[in-house]
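Please treat every number below as a calculation from the coordinates, not as lab data. In this text, all values refer to a predicted model and were calculated from it rather than measured experimentally. No Cβ is skipped: glycine too gets one built from the backbone with ideal geometry, and neighbour counts run over all protein chains shown.
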Amino acid sequence: MKGSLRDTAVAVITVATAVALAACGSGGGGSDPDNGGRPRIGILLPDAITARWEHQDRPLLTSRIEEECPTCVVEYANAKGEVALQQGQMDSMITKGVDAILLAPVDARSLGPSVREARDAGIPVISYDRLSEGPISGYVSFDGREVGRLQGRALLTAMGDAVPGAQIVMMNGDPSDPNAVAFKEGALSVLDGKVRIGKAYDTLQWRAEVANMNMSAAIAALGPEAIDGVYAANDALAAGSITSLKANKVEPLPPVTGQDAELGAVRRIVAGEQYMTVLKPFEPEAAAAATMAVAAARGEDLDDKATDEVRPRGGEPVPAVLLTPVSVTVDTIADTVVKDGVYTVAQICTPQLEADCVRAGLI
């Protein structure tokens, strides 16, 4: 009898061990025995052109994941704006058997099949900042339509007496980025019927040099005195547009919107070259994404980490965290980017901007 019980116990332990080892070797909700049983989280960011990805998102995501999960290992890659490269990076993460992936897609539609492959391998994908197609498990970003509404309202305010009937140029983002579509929709919901859109451009890969070229074309077509305002979907496009306006001797500069609160944009706002930007506080976005990614890697229910839900194109609703963006003008720099610790006054107020910073009340 004792031998029978002993044999049964050994058999149970053997089966349990085999099941545990199999779970550790699976893609999602487990950990890799070759990595000391430590959960691995992949972070895939879209490009190095927009300053935020390498200088803000990457360090914030990495540090917050390590804070919430000291045993977690972060696998990082940047797609450098290339869809094929990011698809290869997704394949690599799947082959490695990471436990979760944080993905900011270069092209939401093109990455859909890779997201499906990850799901089939048991690896949950959290879409970060940009809503990817495919069976994602969660989403963290800002309310894109509200970003556009903030930009549209600011532009109307800046143009003042020129509204109604003002003529603007729209420098929209990359149409493959769902965020760009949302920004445009939000802006048009405010601007439609109040201004004339003289020219509108989509800007592949959000490149400042493309915005520069398109703005030069708009000036040639409309005339340097016929542009009352510029809707630029982000700060890179604002920079390209402003460079073109200055090169073409457009004076005074029309109000130009932006987004991302890049340091260069804040300085342009102080100098009076750019009217506004939109602050999307990177720290709370990265914190929410890290929390969701760690939970996904541990196989936990993501509904407990979400405050909203979104429906990816062609997919089912998934848990989401949608944060609130903040408009920034010269009058609110101190109460936004400085107060929130994004930049110090010393970083903003270079010697060349000292007089402008005095006028802005920053020094």
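With 10 angstrom as the radius, rank T307, T336, T291 by how many other C-beta atoms surround their C-beta, starting from the fewest.
With the sparsest Cβ surroundings first, the list reads T307, T336, T291.
Trypsin sites (Lys or Arg not before Pro) within segment 174-241: which are DSSP loop residues with at most 15 other Cβ atoms inside 10 Å?
Counting only loop positions with at most 15 other Cβ atoms within 10 Å, the trypsin sites (Lys or Arg not before Pro) in segment 174-241 are K194.
Starting at the first residue of segment 78-91, write each ³J(HN,Hα) from the Karplus equation 6.51 cos²θ - 1.76 cosθ + 1.60 with θ = phi - 60°, in whole Hz, x for Gly and Pro.
With coefficients 6.51, -1.76 and 1.60, one gets 10, 7, 6, x, 10, 4, 4, 5, 5, 4, x, 5, 4, 4 Hz.
Rank the residues C72, C357 as a footprinting-exposure proxy: fewest other Cβ atoms within 10 Å of their Cβ go first.
Going from least to most buried by this count: C357, C72.
Which ³J(HN,Hα) values, rounded to whole Hz and listed in residue order, are derived for segment 224-232 from phi using the Karplus coefficients 6.51, -1.76 and 1.60 in 6.51 cos²θ - 1.76 cosθ + 1.60 with θ = phi - 60°, glycine and proline given as x?
x, 9, 9, 10, 8, x, 10, 8, 10
Ignoring everything except DSSP H segments at least 4 long, calculate the 222 nm mean residue ellipticity for the chain; use -39,500 (n - 2.57) per segment, divide by total residues, nearest 500.
It lands at -13000 deg cm²/dmol.
Applying a 10 Å radius around every beta-carbon, put 267-278, 219-230 in order of their mean neighbour count, most first.
267-278, 219-230
Can you list the lysines whose alpha carbon sits under 19 Å from that of K339, skipping same-chain ones fewer than 8 residues off?
Leaving aside lysines fewer than 8 places away in the same chain, those within reach of K339 are K280.
When a footprinting reagent is the concern and you count Cβ atoms within 10 Å, what order do W53, W206 take, fewest first?
W53, W206
Working only with C-alpha atoms, what are the Rg and Dmax values of segment 49-170, expressed in angstrom?
18.5, 59
Where does segment 95-161 land on Rg/Rh, using Cα atoms and the Kirkwood Rh?
1.24
Which value in Å is the Kirkwood Rh of segment 144-253 over different Cα pairs?
About 13.6 Å, per the Kirkwood formula over Cα pairs.
At 0.36 nm per residue, minus the direct Cα-Cα distance, what do K246 and R298 gain on full extension? Give it in nm, one decimal, please.
Full extension from K246 to R298 adds 13.4 nm.
Take every Cα-Cα distance within the chain, group them into 10 Å bins from 0 onward, and report for each bin the whole-number percent of pairs it holds.
Reading the bins upward from 0: 5, 23, 28, 21, 12, 5, 2, 2, 1, 0.
Using θ = phi - 60° and the Karplus relation 6.51 cos²θ - 1.76 cosθ + 1.60, list the HN-Hα couplings for segment 356-363 in order, rounded to whole Hz, with x at every Gly or Pro.
Running phi through 6.51 cos²θ - 1.76 cosθ + 1.60 with θ = phi - 60° gives 5, 5, 4, 4, 7, x, 8, 9 Hz.
Please give the direction-averaged projected area of the C-alpha convex hull for segment 215-293, in square nanometres with one decimal.
About 5.8 nm², averaged over all directions.
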